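Following: one structure in structure tokens, then a few remarks.
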């Protein structure tokens, strides 16, 4: 095939980008190898001097890692550059950007795609790697060797190399800098100038909010940070220093736990606040698989604390930290391989990276396993823990968290078993979890009860179980106080929450005990010292979070149920959760009058104003507030693609409201046209200031509007738009409605814009035949001639005319200037029916011919022609005619039985105590970061 | 850590207990024929696009009816007592949870699988191109 020379393509980003991807891959490999050699040299010779072999390899490793870092930053910069400059010839740009995408969402568009999110992940690894390079000391080489190896596999995901082995094509990675024409073969690319034709599909409107700007980078920092404790653990055994890695790994684990937790929490907050999921957690596979590494990291933190305090639990720490990182990789595999299929709402689409992802998981499972087996002897064995020691119960806690992770992973991996079973038995039909939320809650609730009890009691014990008898007495006393306080508080809280299920009641009891005993511990045992407050903060936060979960989850209540509607004989009480609101017609639900008052469209968001009025049994107003849910239109505004909820917040509860449905004709322009076409319009005739009448209606035309507004009409130059002031009287209820349908003549096409009365299910519009009557045929006009001079005035019929001078460059709709024309327009001002207007008829000499071009004002119906100039006397001759506007009969059309469009379906839910959830989880995660901060600031003392 | 072994054994027993108790939580996708047994089932299938999908919030915000074809080709009317999920008409395949009642399948939950509208191998041209 002949090679086509394309114009307008920018090829340098592709060329430099491809080079950087290769460089990034090779330099990561080089860095991993150099750091590996450095570590092994030191291990062999023990030589740490400046000119040792080990140091030389280390310098090479640094160089390699620096090149890798610069390559990745370079790739990211290039992708941003082509996105900002909208080079649509690149597939990645065309898929994630369009002309209308605001710059503030450019980062969101960048990490919307798989390749971008891999780059974001690598970006954080590199930043963390640099931190270890600067502060890692002797850990630098082994940790970075592993980290660089992780980077080798990650960057291979964007390598985009294909080669053939036998008959099969092996594809390694998906390159984000591919040209569109390299990804598909369509006739468009036969056009050498195809670039100027391309546009982009843009960012999914659902993702155009600030959560998409902050949630992914935080979550990916959390993901990325799990690699560092893992590297320290492997490095510790590798260099045969089974204890020394504990302290740095502990700081990094606390950081990782805190950030990953915040990332997950942000996802929950996004789901709750901006999406219409109606909750913050749904046990979706993607959510589960980010929770599991976090649970393992928290278990790892506790295990490291034991190791730090007593020297025991090193192997457990090693296993937990390795698992945490492996589960990050496994979660990457699950969410990016497409294997979750229809079980998850937010899995990525398939990209053919399955094999690479499997390799990633397998490699980083084998490495820690091999190191563990080779070095298991160097970890000193210790005597058994005592039952009354703190470490024993912390250890149990860590194991229970591991257990919880295994259960969640086992259930979430169901699609994997199905895939495997299908290989052996092609007829196998996949298993699915019937009710995921019930399924997960059923087990995790017991684990939560156990963990909260452990976390609140174990801290009273001491490491190694050293207890004096006075301490024992104090402990017993406080245990008694806590139990008593818990019982009293549970009684009070249960009045508020009214929990009927036994497991939830026990969880509430345990949560309250957690709050009481943590407060007690902080005051009576920790003596209000901030230095050791981090653990208390986290444990107290966890207890508060559990109460928040019970309050908002078990006790959520639908406000949106219409009590007057006949209740269906359904077993499931949860049904009938949505209510239809008609604009301006308040209805009563669950103690509130709810009134949908108006809606406003700004850009591609329609905001609904809904007023809630709380009344008591005597209909006395207790409280009023507005909620403003939003519906979001697609980028081309032809359909509604998303709904954003609106929440009224109180300290003790939230009232969450979202649009759950709209009539089909409102959702999509296509359906609206279909509906308009399916209506049966009946023709009627109405004279100006006259009316049409039938048994139930009277339609009066009160005048014409020559500058009309209509919600669907966008004015353009040279349009003739006419609105009709219509008054409809409902004769049965004696009610009057004012309407204004609009008709527009654009070129030779007539556009009709209807107006409607939803209460009467009626629509009215003008018939296109209107313009035939509106314009009088030229041959039927009765012109009369008049002669005036410049500056003079004259009155004909009821029209006062003044000659206001000449215009030598006339702009008249009927006149197109040509070379050699002599054209002159007279500016005629005239006044009729209280309106003053200007017209500019043209007198034209073209070649030897002279002619006149008329000017016309549709509103007053005045026509002028400029027919003669007498240069000698300065007398100007005009022709004047006027349409009869008062006797015009307007052909209109009305349709009845029109489904109303001014309705919305809402769902409104009350979430009591949801702030306890946010407060508690934030306290828990802040506690981890505070603990890291305390350890960092006292590093000289502690190291 | 001898005690650790004891804990380990307890965990394994508890784990097996949990798994046994969850066995009833999972099931395969059923078809309409199997659904006639009057227990709650999940059915995977397709929306029948040439039969009416009725949802009119003017009449009832919590009532939608449509026709669905299961994997064996049996077509049945489905009633869903909730509002119509977004992009319902565009769904490639769907999974309904519920049971048969008076000759209709009454769904308590619907899961849609929609073609990705914004991504995939599609391309956009300029309107005035």
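Screening residue B:57 on (1) within 8 Å of chain A (Cβ to nearest Cβ); (2) crowded, with 18+ Cβ neighbours inside 10 Å; (3) more than 21 Å from residue A:580 (Cβ to Cβ) shows it passes everything except condition (3).
Residue-wise test of (1) over 30 Å from residue A:48 (Cα atoms); (2) crowded, with 18+ Cβ neighbours inside 10 Å; (3) modelled with pLDDT under 90.
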{"position": "A:72", "(1), (2), (3)": "yes, yes, no"}
{"position": "A:98", "(1), (2), (3)": "yes, yes, yes"}
{"position": "A:102", "(1), (2), (3)": "yes, no, yes"}
{"position": "A:126", "(1), (2), (3)": "no, yes, no"}
{"position": "A:156", "(1), (2), (3)": "yes, yes, no"}
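Where residues in the range A:341-355 are at pLDDT 75 or above and surrounded by fewer than 21 Cβ atoms within 10 Å (Cβ to Cβ), which of them is farthest from the other protein chains (Cβ to nearest Cβ)? Once the filter is applied, the top-ranked residue is A:355. Within the range A:189-203, work out how many residues are within 23 Å of residue A:112 (Cβ to Cβ), facing chain B (nearest Cβ under 10 Å) and not in a loop (DSSP other than H, G, I, E, B). Final tally of qualifying residues: 2.
Okay, residues lined up against (1) more than 13 Å from the chain's Cα centre (by Cα); (2) free of Cβ contacts under 8 Å to residues at least 40 places away in the same chain:
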{"residue": "B:56", "(1), (2)": "yes, yes"}
{"residue": "B:59", "(1), (2)": "yes, yes"}
{"residue": "B:63", "(1), (2)": "yes, yes"}
{"residue": "B:67", "(1), (2)": "yes, yes"}
{"residue": "B:81", "(1), (2)": "yes, yes"}
{"residue": "B:85", "(1), (2)": "no, yes"}
{"residue": "B:88", "(1), (2)": "no, no"}
{"residue": "B:94", "(1), (2)": "no, no"}
{"residue": "B:98", "(1), (2)": "no, no"}
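Given the conditions (1) at pLDDT 85 or above; (2) farther than 24 Å from residue A:685 by Cα; (3) outside any loop (DSSP other than H, G, I, E, B), and given that residue A:790 satisfies all but one, which numbered condition is not satisfied? The number of the failed condition is (3). When every residue of the range A:364-383 is checked against the conditions, at least one turns out to be surrounded by fewer than 16 Cβ atoms within 10 Å (Cβ to Cβ), within 9 Å of chain B (Cβ to nearest Cβ), in contact (Cβ under 8 Å) with a residue 40 or more places away in the chain and more than 28 Å from residue A:436 (Cβ to Cβ).
Taken as a whole, the structure places residue A:207 among residues that are within 14 Å of chain B (Cβ to nearest Cβ) and either in contact with a helix residue (DSSP H, G or I) (Cβ under 7 Å, 6 or more places away or on another chain) or surrounded by fewer than 24 Cβ atoms within 10 Å (Cβ to Cβ) (or both). Candidates in the range B:39-51 are the residues that are more than 12 Å from every other protein chain (Cβ to nearest Cβ) and part of a loop (DSSP other than H, G, I, E, B); of these, the one that is nearest to residue A:433 (Cα to Cα) is B:48. Residue A:890 meets all of the listed conditions (1) farther than 30 Å from residue A:726 by Cβ; (2) in contact with a strand residue (DSSP E or B) (Cβ under 9 Å, 6 or more places away or on another chain) but one, namely (1).
To keep it simple, each residue is scored yes or no on (1) within 14 Å of another protein chain (Cβ to nearest Cβ); (2) in contact with a helix residue (DSSP H, G or I) (Cβ under 8 Å, 6 or more places away or on another chain); (3) assigned to a loop (DSSP other than H, G, I, E, B); (4) without any contact (Cβ under 8 Å) to a residue 60 or more places away in the chain.
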position	(1), (2), (3), (4)
A:36	no, yes, no, no
A:49	no, yes, yes, yes
A:73	no, yes, no, yes
A:76	no, yes, no, yes
A:93	yes, yes, no, no
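Tell me yes or no: at least one residue of the range B:13-36 is more than 12 Å from chain A (Cβ to nearest Cβ), touching a strand residue (DSSP E or B) at 6+ places or on another chain (Cβ under 9 Å) and surrounded by fewer than 16 Cβ atoms within 10 Å (Cβ to Cβ). Among the residues of the range B:13-36, at least one is more than 12 Å from chain A (Cβ to nearest Cβ), touching a strand residue (DSSP E or B) at 6+ places or on another chain (Cβ under 9 Å) and surrounded by fewer than 16 Cβ atoms within 10 Å (Cβ to Cβ), which makes the answer yes. Check whether at least one residue in the range A:861-882 is touching a residue at least 24 places away in the same chain (Cβ under 8 Å), within 14 Å of chain B (Cβ to nearest Cβ) and either in a helix (DSSP H, G or I) or out of contact with any helix residue (DSSP H, G or I) (no Cβ under 9 Å at 6 or more places or on another chain) (or both), and report yes or no. Among the residues of the range A:861-882, not one is touching a residue at least 24 places away in the same chain (Cβ under 8 Å), within 14 Å of chain B (Cβ to nearest Cβ) and either in a helix (DSSP H, G or I) or out of contact with any helix residue (DSSP H, G or I) (no Cβ under 9 Å at 6 or more places or on another chain) (or both), which makes the answer no. Within the range B:90-129, being more than 8 Å from chain A (Cβ to nearest Cβ), modelled with pLDDT of 80 or more and either under 21 Å from residue A:434 (Cα atoms) or touching a strand residue (DSSP E or B) at 6+ places or on another chain (Cβ under 9 Å) (or both) holds for B:94, B:96, B:98, B:99, B:100, B:101, B:103, B:104, B:105, B:107, B:109, B:110.
Selection of the range A:634-664 for residues being within 11 Å of another protein chain (Cβ to nearest Cβ), in contact with a helix residue (DSSP H, G or I) (Cβ under 9 Å, 6 or more places away or on another chain) and touching a residue at least 40 places away in the same chain (Cβ under 8 Å) yields A:634, A:635, A:641, A:642, A:661, A:663. May I ask you to verify whether residue B:66 is under 30 Å from residue A:908 (Cα atoms), buried (at least 19 other Cβ atoms within 10 Å of the Cβ) and more than 9 Å from chain A (Cβ to nearest Cβ)? When the stated conditions are applied, residue B:66 passes them.
Within the range A:418-441, the set of residues being at the interface with another protein chain (Cβ under 10 Å from one of its Cβ atoms) and touching a residue at least 12 places away in the same chain (Cβ under 8 Å) comprises A:418, A:430, A:431, A:432, A:433, A:436, A:439, A:440.
Exactly one residue out of A:831, A:813 is modelled with pLDDT under 85 and either surrounded by 12 or more Cβ atoms within 10 Å (Cβ to Cβ) or under 60 Å from the mean Cα position of the chain (by Cα) (or both), and it is A:813.
This table checks each residue for (1) within 19 Å of residue A:576 (Cβ to Cβ); (2) out of contact with any helix residue (DSSP H, G or I) (no Cβ under 8 Å at 6 or more places or on another chain); (3) surrounded by 20 or more Cβ atoms within 10 Å (Cβ to Cβ).
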| position | (1), (2), (3) |
| --- | --- |
| B:74 | no, no, no |
| B:80 | yes, yes, yes |
| B:99 | yes, no, no |
| B:109 | yes, yes, no |
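Taken over the range A:442-472, the criterion of being farther than 11 Å from residue A:390 by Cβ, surrounded by 17 or more Cβ atoms within 10 Å (Cβ to Cβ) and more than 11 Å from chain B (Cβ to nearest Cβ) is satisfied by A:445, A:448, A:449, A:451, A:452, A:453, A:455, A:456.
The values are calculated or read from the model by the stated rules, or taken from the named source; none is laboratory data. Quick caveat: nothing in here was measured; it's all calculated off a predicted structure. As a convention, Cβ positions derive from the backbone with ideal geometry for all residues, glycine included, and neighbour counts pool all protein chains shown.
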